[in-house]
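Report on the structure given below.
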Amino acid sequence: MQKMYTPLRIGAIFVILAIMLTVFVSALYVIQIHDPIELGENQAPRRLVTRRTTIPSARGNIYDRNGVLLASGTPSYNVKVDWRALTSSADPNGTLLALVYAAMDEGIPYLDTFPVTRGAPFEFVANMTATQRSRLDTYLDFHNLDPDINVSDFLAWMRNHYRIDYTIGILDARIIMGVRYELEIRAIIGTISPYIFAEDVSTDFISYLQERSLVGVFSERTFIREYHTTSAPHLIGYVGLMTAEEFERFGPLGYPMDAIVGKTGAERAFEEELHGRAGEKITRMTPDGTVVGIEVIREPEPGNHITLTMDLDLQIAAENALQTHIDQLNRERIAEHLLSGDEDQELEDILIPGGAVVVLDVNTGELLAAASYPTFNLITLAEDWSELVNDPATPMLNRATQGRYAPGSTFKMATALAGMRHVEWYNRHVPIYCTGEFDRHRDAGEDGFFIRCAIFSIAGIGHGSLDIVGALEVSCNYYFIQIAHWLSAEGPRAGAYLIAEAAAELGLGVPTGLEIPENAGLLATPSALEAATGNTRWFAADTLLAGFGQGHNRFTPVQLANYAATIANGGTLHSLSFVRTIRSPIFFDVIYSHEPEVLNVIEETHFIEAIQEGMVAASRGRGGTARTLFGPDADINYIVASKTGTVQIEGRAFNDGAFVAYAPARNPEIAIAVVIEKGGSGASVMPVARTIFDHYFSTESAFFATPYGEIIP
């Protein structure tokens, strides 16, 4: 009789059972451990929702040259919405409505840029931004909707598209549409930063949302930028969400699309040093939003710390001096206007719209202070944003580095250098007789002209015989017009280029090397004028006007300060710098330390010495234009070398005022440039420089009187 169970059959059965057991155990592991599923009544198994997100890095701190903290990162929380998890839930619209009402109850603003008014009667917003318009057009095109669709039909379509029940009122429906539009437009375009429902929310609000267990709603830890001073906003700068254009630059460097990046000032200039490297994590959760696991793939790396060359104490003094003086001049003009009873003159014609002052270290090219007025407050920037960007006074413009101004008589030192270099018979001792009116081109037909010295308009006479020191002392226009005329022996075009060459070697009309954005300015030459305006004609008058600081020359205050610094140190033009050191996140390693960089050295030191003597005479000579504040009778214990400048602008009630100076005259430390729009004259704006010099050379410090932990004014 044949046996039913042979050893071979028994072995085969055990092998089959072992294989089946292995398959079942593996399946159970995948389902319950590696990628669990959730089973409900009449529901097929569903895999977990997996979300890959970045872990923001701590942005590096910014300090002034003395170690005063200017900007730092503070931990915060953002509320986000996961579009995939939300739309796969049972009631996405109810979830969003509950989320919005929770935020409203707590007074938390949320992001809704859907360009339809939030209340009846519903209309497209009147002041739709270019970004809103572009996104709306993309949305309509994606869904093949009429670009001229009316609001009523559009909202009806959206109610159907998002399956918003008609039992939900239109106001609540508009709330839901706003958030769902924000989520969908990002999916459509693909290059918009991920949707953040609300930023910088409290931990209490996070706890409240967790208790509600809203599907697809989650919080992420991040860092917000905190500013510790109301001063130097143009220099420190601010941060914001990365734009699509910025993503093209920073995306290849590993920046996530929702990265915060520097927009202006030091925040922008040193973005890659400050930013650090974001981490990455994977979050696994069930379809109802319950998180079942978090895996950190890469830990975040904090950014480096930046120490600026700026001295906050001196910066505060510069800002206060500039604003106080402008306010004083405006008050005086308003009073005079009221007394005059002139109803035809508008206040805006006589009031000063703005100005700037820059302070440099003449021996290193370090920027010590740069004030621009009007200004803004970094701490309240978000609340003030709309008002600031629409202010015709442009308070967010950094006039110190981007404002372009005619230099007036502050330019005369450049003409003097060109004359001493290229006019064979001219040197510092050669006298020029000022008659008060330069009229050599009076009879040149249609192109005829004459130029008068300022003293001639007042007294009907000239300055008489002057050398270079005397000419700078009294700021004689005729003297420098004559030099420009001599330089034009081979034609006015050739003369213009010779003057421009000397000006560029002194730092005018050329980039300073500063790390923050700056305007390159304009040197008055035929080629530069043609490039800027398309004008190909160049007359003798153009060269002569340039010779004493009028005409087409346009420079920034920071260039004027570097010009003064170059004269002060004997002819060495430094590349300007705004960063002193860059340190590692733990402060131990010095990654970068600024060393002075020389762009040009003027070899003819005897020419520079003659110019220096003339600038000292402008402050201390009998006829010095700056004598009232810096002369022998002034109550100061330092000697200043200076030059005033008055810029005549046709059609204006008041001239622009410019002033450059350095001190101490014999062993210079700092150089200052002041420019005030409609300031009146160089002499009328120089009190700003006097206040800064007094502060710098005093032993008292306003900053160290500020208690630790308080906002620095």
Please specify each residue of the range 223-254 satisfying the condition of being over 18 Å from residue 383 (Cα atoms), open to solvent by 20 Å² or more (accessible area, probe 1.4 Å) and not in a helix (DSSP H, G or I).
223, 243, 254
Out of 204, 200, 148, 172, sole residue that is in contact with a strand residue (DSSP E or B) (Cβ under 9 Å, 6 or more places away or on another chain), at pLDDT below 95 and either surrounded by fewer than 19 Cβ atoms within 10 Å (Cβ to Cβ) or closer than 28 Å to residue 88 by Cα (or both)
200
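May I ask you to list the residues in the range 510-569 that are among the hydroxyl-bearing types (Ser, Thr, Tyr) and closer than 17 Å to residue 357 by Cβ?
Of everything in the range 510-569, those that are among the hydroxyl-bearing types (Ser, Thr, Tyr) and closer than 17 Å to residue 357 by Cβ turn out to be 512, 556, 563.
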Anything in the range 184-194 that is at pLDDT 85 or above and closer than 29 Å to residue 302 by Cα? List them, or say none.
186
Given the options 211, 182, name the one that is out of contact with any helix residue (DSSP H, G or I) (no Cβ under 6 Å at 6 or more places or on another chain), surrounded by 17 or more Cβ atoms within 10 Å (Cβ to Cβ) and acidic (Asp, Glu).
182
Are any residues in the range 456-473 in contact with a strand residue (DSSP E or B) (Cβ under 8 Å, 6 or more places away or on another chain), among the aliphatic types (A, V, I, L, M) and surrounded by fewer than 24 Cβ atoms within 10 Å (Cβ to Cβ), and if so, which ones?
466
Which one is nearest to residue 231 (Cα to Cα) among residues in the range 323-344 that are of a type in the set (A, V, I, L, M) and within 28 Å of the chain's Cα centre (by Cα)?
326
Options 168, 185; residue that is among the β-branched types (Val, Ile, Thr) and within 26 Å of residue 219 (Cβ to Cβ):
185
Members of the range 475-491 found to be open to solvent by less than 40 Å² (accessible area, probe 1.4 Å), in contact with a Leu (Cβ under 8 Å, 6 or more places away or on another chain) and part of a helix (DSSP H, G or I), listed by number
479, 481, 484, 487
Selected residue (criterion: nearest to residue 181 (Cα to Cα)) from residues of the range 80-97 that are touching a strand residue (DSSP E or B) at 6+ places or on another chain (Cβ under 9 Å) and at pLDDT 90 or above
96
Among the candidates 497, 563, single out the residue that is open to solvent by 40 Å² or more (accessible area, probe 1.4 Å) and within 22 Å of residue 611 (Cα to Cα).
497
Does the range 280-294 contain any residue that is within 23 Å of residue 80 (Cα to Cα), touching a residue at least 60 places away in the same chain (Cβ under 8 Å) and within 17 Å of the chain's Cα centre (by Cα)?
no
Would you call residue 320 within 19 Å of residue 368 (Cβ to Cβ), at pLDDT 90 or above, in contact with a strand residue (DSSP E or B) (Cβ under 9 Å, 6 or more places away or on another chain) and buried (at least 17 other Cβ atoms within 10 Å of the Cβ)?
yes
So, of the residues in the range 71-112 that are among the polar types (S, T, N, Q) and outside any helix (DSSP H, G or I), which turns out to be nearest to the chain's Cα centre (by Cα)?
72
Please count how many residues of the range 396-415 are in contact with a strand residue (DSSP E or B) (Cβ under 8 Å, 6 or more places away or on another chain) and assigned to a loop (DSSP other than H, G, I, E, B).
6
Residues (under 18 Å from residue 355 (Cα atoms) and either part of a loop (DSSP other than H, G, I, E, B) or free of Cβ contacts under 8 Å to residues at least 24 places away in the same chain (or both)) located in the range 368-388:
374, 375, 376, 377, 388
Quick one: which strands (runs of 3 or more DSSP E) lie wholly within the range 582-662 and hold at least 1 residues that are under 35 Å from the mean Cα position of the chain (by Cα) and at pLDDT below 95?
590-593, 641-647
Looking at the range 534-542, can you tell me whether even one residue there is among the polar types (S, T, N, Q) and modelled with pLDDT under 95?
yes
Take the conditions farther than 27 Å from residue 554 by Cβ, of a type outside the set (Lys, Arg) and modelled with pLDDT under 95 and apply them to residue 342. Does it pass?
yes
Any idea which of (1) modelled with pLDDT of 90 or more; (2) open to solvent by 10 Å² or more (accessible area, probe 1.4 Å); (3) among the hydrophobic types (A, V, I, L, M, F, W, C) is the one residue 417 doesn't satisfy?
(2)
Answer yes or no: is there a residue in the range 402-409 that is open to solvent by less than 10 Å² (accessible area, probe 1.4 Å) and at positive phi.
yes
Does any residue in the range 97-125 that is without any contact (Cβ under 8 Å) to a residue 60 or more places away in the chain and of a type in the set (D, E, K, R) come within less than 6 Å, Cβ to Cβ, of a residue that is open to solvent by 20 Å² or more (accessible area, probe 1.4 Å) and part of a loop (DSSP other than H, G, I, E, B) six or more places away or on a different chain, and which pairs are these?
123/117
The lone exception for residue 374 - which of (1) under 26 Å from residue 513 (Cα atoms); (2) open to solvent by 30 Å² or more (accessible area, probe 1.4 Å) it fails:
(2)
For residue 362, which of the numbered conditions (1) modelled with pLDDT of 95 or more; (2) open to solvent by 20 Å² or more (accessible area, probe 1.4 Å); (3) in contact with a Pro (Cβ under 6 Å, 6 or more places away or on another chain) fails to hold?
(2)
If you take the residues of the range 82-114 that are under 27 Å from residue 262 (Cβ atoms) and of a type in the set (A, V, I, L, M), which of them is least open to solvent (accessible area, probe 1.4 Å)?
108
Odd one out for residue 70, checked against (1) modelled with pLDDT of 75 or more; (2) open to solvent by 50 Å² or more (accessible area, probe 1.4 Å); (3) touching an Asp or Glu at 6+ places or on another chain (Cβ under 9 Å)
(2)
Looking only at the range 494-531, how many residues end up being touching a residue at least 12 places away in the same chain (Cβ under 8 Å) and part of a helix (DSSP H, G or I)?
14
Which numbered condition trips up residue 538, out of (1) farther than 27 Å from residue 437 by Cβ; (2) open to solvent by 10 Å² or more (accessible area, probe 1.4 Å); (3) in contact with a Lys or Arg (Cβ under 7 Å, 6 or more places away or on another chain)?
(1)
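The values are calculated or read from the model by the stated rules, or taken from the named source; none is laboratory data. What you are looking at is a predicted structure, and each value in this text was computed from that prediction instead of being measured. Quick reminder, even Gly has a Cβ in these numbers, built from the backbone with ideal geometry, and neighbours come from all protein chains shown. For the accessible areas, the whole protein counts, side chains as well, though only heavy atoms, and no ligand, DNA or RNA atoms are used. Shrake-Rupley method; radii C 1.70, N 1.55, O 1.52, S 1.80 Å.
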